[in-house]
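Worksheet for the structure shown next.
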Amino acid sequence: MSATTIDRVRELNDSFRSSFVGGAVMLTDAVDALEPDAKRRLLEKVRDFDRFEDGNDPYREHDFGAITFEGERYLFKLDYYDRACKFASPDPSNPAVTTRVLTIMHARDY
């Protein structure tokens, strides 16, 4: 991808992750089983995450992160699907042809 395309993908990923608007948010059973207040606080940490670096963001797309919450390790991962969610997106920089799916999981779920 070109630098401009990567910049656009990163912008779309940051916008979706920080708002949960514009795609689908999936929770693994371990995350869904958290008490409502704990789940709310974990999701808030995902929305606020900004510690992207070479080790967790080698392609500069802001599509992965790891969080420690209440002494446990949680991960989030963004994937890009076509609008029907059957195949990979033909162009993750184009929201008209892309559905972003953010999966939030306990590290043991990975």
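Heavy atoms only, probe 1.4 Å: what % of the accessible area of the chain goes to carbon and sulfur, would you let me know? Intermediate results must be reported in sequence, preceding the final value.
Working: 3250 of 6450 Å².
The nonpolar share, carbon plus sulfur, comes to 50 percent.
Quickly work out the ALA88-to-ALA24 label distance, labels modelled 7 Å from Cα along the C-beta direction, and quote it in nm with one decimal.
Result for the modelled spin labels: 1.9 nm.
At R0 = 25 Å, how high is the FRET efficiency between ALA33 and PHE64 if r is their beta carbon distance? Nearest 0.05 is fine.
Working: r = 23 Å, r/R0 = 0.91.
In this case the efficiency is close to 0.65.
Residues with amide H under 5 Å of MET26's amide H, sequence separation 5 or more or different chain, H placed in the peptide plane at 1.01 Å from N; which?
Under 5 Å from the amide H of MET26: LEU102, THR103, ILE104.
Per residue of segment 6-13, in order, report the coupling 6.51 cos²θ - 1.76 cosθ + 1.60 (Karplus, θ = phi - 60°) as ³J(HN,Hα) in whole Hz, putting x for Gly and Pro.
Per-residue couplings from phi come out as 4, 4, 5, 4, 4, 4, 5, 4 Hz.
Solvent-accessible area per residue for the chain at a 1.4 Å probe radius, Å²? All intermediate terms of the calculation are to be shown ahead of the outcome.
Working: 6450 Å² over 110 residues.
With the other protein chains kept in place, the chain gives 59 Å² per residue.
In Å and whole numbers, how far do the C-alpha atoms of the chain stretch along each principal axis, longest first?
Dimensions of the chain along the principal axes of its Cα atoms: 39, 31, 23 Å.
Ordered by residue, what ³J(HN,Hα) values in Hz, to whole numbers, does segment 99-107 give under the Karplus form 6.51 cos²θ - 1.76 cosθ + 1.60, where θ = phi - 60° and Gly and Pro are x?
10, 7, 10, 9, 9, 10, 9, 6, 4
The values are calculated or read from the model by the stated rules, or taken from the named source; none is laboratory data. Remember, predicted model here, so these are calculated numbers, not experimental data. Positions of Cβ are generated from backbone atoms using ideal geometry, with glycine treated the same way; all protein chains shown enter the neighbour counts. All accessible areas refer to the heavy atoms of the entire protein, side chains included, with ligands and DNA or RNA removed. Shrake-Rupley method; radii C 1.70, N 1.55, O 1.52, S 1.80 Å.
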